[in-house]
Amino acid sequence: MAPLTKAKRLVVKIGSALLVDRASGTLRQDWLNGLAQDVQWLKSHDVQVVLVSSGSIALGRGVLGLPAHDLALEQSQAAAAVGQIRLARAYEAAMAPHGITTAQVLVTLEDSRDRRRYLNSRATLEQLIALGALPIVNENDTVATDEIRFGDNDRLAAQIAATIGADQLVLLSDVDGFYSANPGDDPTATRYDVIDTITPQIEAQAGDAGSGLSKGGMKTKLMAARTATAAGCAMAICQGGDMRPLQALDTGANATWFTATLDPQAARTRWIAAMKPLGAVTLDAGAAQALSKGNSLLPAGVHAVSGAFGRGDPVAIIGPDGHQLGLGLSRYTAAEAQRIKGHHSAEIEALLGYPGRAALIHRDDMAL
């Protein structure tokens with residue numbers, strides 16, 4: 001696999017067992033400081049980094065004197081509320097000496113399933129990355145109900161990777177890869193270096209057991225791998241216990257890599273192209289020419305809107321000759337698009353009564 005330093009955008013998932021000492025329920029500060037050095041090292045190579053971090057429940061239960069296992073839902077939510085403050089503060093303190101600004105982003109799995117919320121999450125993360133901040137994503141366990149379950153942050157990390165078009169995802173875990181059987185039970189178990197296809201045989205070899213503080217098992221990691229690779233993102237499972245875990249992976253530490261056959265943008269384009277349009281926008285000649293050069297579609301270049309679509313819905317992009325140029329995800333509802341069509345982006349706030357995004361369809365949300 002390509003070195004981590006060659007990644008354009010890297011998502012790193014951090015398990016609770018790495019961040020929190022199992023016996024005391026306290027933060028492993030030295031390990032977090034090493035991770036901060038790794039993030040700074042990656043950023044020095046122009047890699048855009050996003051962290052998906054577990055740990056709020058594990059930290060909070062120690063403060064509240066709750067057991068490490070078998071917490072009731074209300075206890076998990078209370079522990080998350082207490083632990084999330086400490087987790088955010090710990091990341092801020094660890095990253096600040098390296099000049100890294102941290103940002104906390106709390107989401108649930110539903111934020112990637114609902115198209116409008118998905119677009120909001122994507123826009124927020126893209127803006128934070130553009131401003132040079134380090135987004136630290138965690139599931140909003142203080143309000144989650146059935147979302148607090150086995151392995152959520154593995155899947156969440158994969159969905160975040162797909163959402164932002166990451167080309168690499170690393171799951172830092174307490175195991176150093178995917179094995180043919182549980183190596184703790186079977187001394188003949190062998191680790192896979194690379195998995196190109198998740199076959200039924202591979203699925204049958206996945207076990208359910210997680211560690212004491214971690215909720216993730218191999219089945220959820222395989223689910224994460226399916227999501228990531230389908231979005232054009234290669235994924236690694238590796239041992240995260242080293243003080244510099246990402247640098248260790250980059251220099252050859254044991255790991256299992258799941259390969260992706262497409263790059264993230266190609267995978268996203270294929271996903272959009274398979275959608276059924278709920279409406280259409282018809283362009284003038286200037287806008288059609290601008291799209292052919294890789295530009296976004298601005299309201300000024302649209303002279304007709306049809307259909308009943310919401311924000312994030314797929315719409316057909318029609319050229320001035322009536323032929324379909326492609327599909328795109330609209331950043332406005334049909335009613336809003338009707339009001340702003342033919343107008344410059346600077347006029348959007350006056351027309352709608354609130355500030356909007358400059359593009360009606362962003363170039364990254366098109367399949368031409």
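Only the coordinates and a few stated rules stand behind these numbers; no lab work does. Because the structure is predicted, anything quoted here is derived from the model rather than measured. Please note: Cβ atoms are built from the backbone with ideal geometry, for glycine as well, and neighbour counts cover all protein chains shown.
The alpha-carbon positions of region 249-333 define a convex hull whose volume is 139 Å³ per residue.
Given the pairs LYS13/LYS276; LYS8/LYS276; LYS13/LYS43; LYS221/LYS276, which span a C-alpha to C-alpha distance of over 23 angstrom in this model? Too far apart for the 23 Å limit: LYS13/LYS276; LYS8/LYS276; LYS221/LYS276. In the chain, the calculated helix contribution to ellipticity at 222 nm averages -11000 deg cm²/dmol per residue, counting -39,500 (n - 2.57) for every DSSP H run with n ≥ 4. Here r is the Cβ-Cβ distance between ARG339 and ALA285 and R0 is 22 Å; the resulting FRET efficiency, rounded to 0.05, is 0.45.
Projected label points at THR26 and THR101, each 7 Å from Cα along the beta carbon direction, are separated by 3.3 nanometres. Under a model in which nothing but the beta-carbon of Lys, Arg (+1) and Asp, Glu (-1) is charged, the chain shows a dipole of about 700 debye around its Cα centre. Given their separation in residues at 0.36 nm each and the Cα-Cα distance between them, GLN201 and ARG115 gain 27.6 nm when the chain is fully extended. Here are labelled values, [x] 59, 25, 14; [y] 40, 23, 19; [z] 27, 26, 19, and one is the computed semi-axes √(5λ) of the Cα gyration tensor in Å for what I pasted. Which one? Label [y] holds the value from this structure.
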